[in-house]
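The values are calculated or read from the model by the stated rules, or taken from the named source; none is laboratory data. Nothing here was measured: the structure is a model prediction, and the numbers come from that model. Because the Cβ atoms are built from the backbone with ideal geometry, glycine has one as well, and the counts that use them run over all protein chains shown. These area figures cover heavy atoms from the full protein model, side chains too; ligands, DNA and RNA do not enter into them. Shrake-Rupley method; radii C 1.70, N 1.55, O 1.52, S 1.80 Å.
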Amino acid sequence: MEIRLLNDGADLPMNLLLEADPSEELVREYCSNGFVYEAAVDDELMGVYVLLPLTDGIVEIKNIAVAEDARGQGYGKRLIQHALSEAERLGFGHVEIGTGNSSVDQLMLYQKCGFRIDSIDRDFFLRNYPEPIFENGIQCRDMIRLVYTF
C-alpha cells in the first residue's frame, strides 16, 4: 500500500471522506486546513485520512476511512500508524482522534493502536448534524475523544 499526501488543488476523495463524516461542508472545511493523505494499492484508492493541526504541539486525525471492500484487511491500522509517523515527523507531541459512541470497531482499533480515552463531548452529534446518525443499532450522540502521546 502506498500512502501519499494529496497535492493542493487535487480533487478530494469525497465519497470516501463522507463515509467517515456525513457533512460535506465540515469535510471540505477541515480538508482545506489540514493535510489529506490517500492510500492506494495498484492505483486503486483504499483509504484516506486527514491530519488537522490544532496547536503547535497537537494534531488531530480528523477523518479516517477505508473503502468498504477493503475493510477488515488491516488498512485502517496501517493508516493510523502512518498518521502517527507523519505527526511525529512534523513535530507534534500529541495526536487526538474523535469518534462516535456508536463506533465500537473504531474505538477498539484506536485503543489497540495506543490511543487512550481522554474525554466525552456529550451530544456532539446532536448539536452538529441535522439528521440522526445510527451505527451498529445505536444512535450516535456523543463524541469520544482519544489521545496518543509520543
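What the table shows:
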quantity: Using θ = phi - 60° and Karplus 6.51 cos²θ - 1.76 cosθ + 1.60, couplings along the stretch 136-142 (whole Hz; Gly, Pro as x); calculated: 6, x, 10, 6, 7, 10, 9
quantity: Cα gyration tensor category, rounded, prolate or oblate, for the stretch 59-121 with a/c compared to 1.5; calculated: oblate
quantity: The chain - mean residue ellipticity at 222 nm from DSSP helices (-39,500 (n - 2.57) per run, n ≥ 4, rounded to 500); calculated: -8500 deg cm²/dmol
quantity: Residue-count net charge about His94 - beta-carbon cut-off 10 Å; Lys, Arg +1, Asp, Glu -1; calculated: -3
quantity: Pairwise Cα inverse-distance average, inverted: Kirkwood Rh of the chain (Å); calculated: 15.6 Å
quantity: Accessible surface ranking that places the most exposed of Met108, Met46 first, with a 1.4 angstrom probe; calculated: Met108, Met46
quantity: Ellipsoid semi-axes in whole angstrom, largest first, where each is sqrt(5λ) of the Cα gyration tensor of the stretch 8-60; calculated: 20, 14, 10
quantity: Contact order relative to length of the stretch 1-119, as percent, for alpha carbon pairs under 8 angstrom and 6 or more apart; calculated: 21 percent
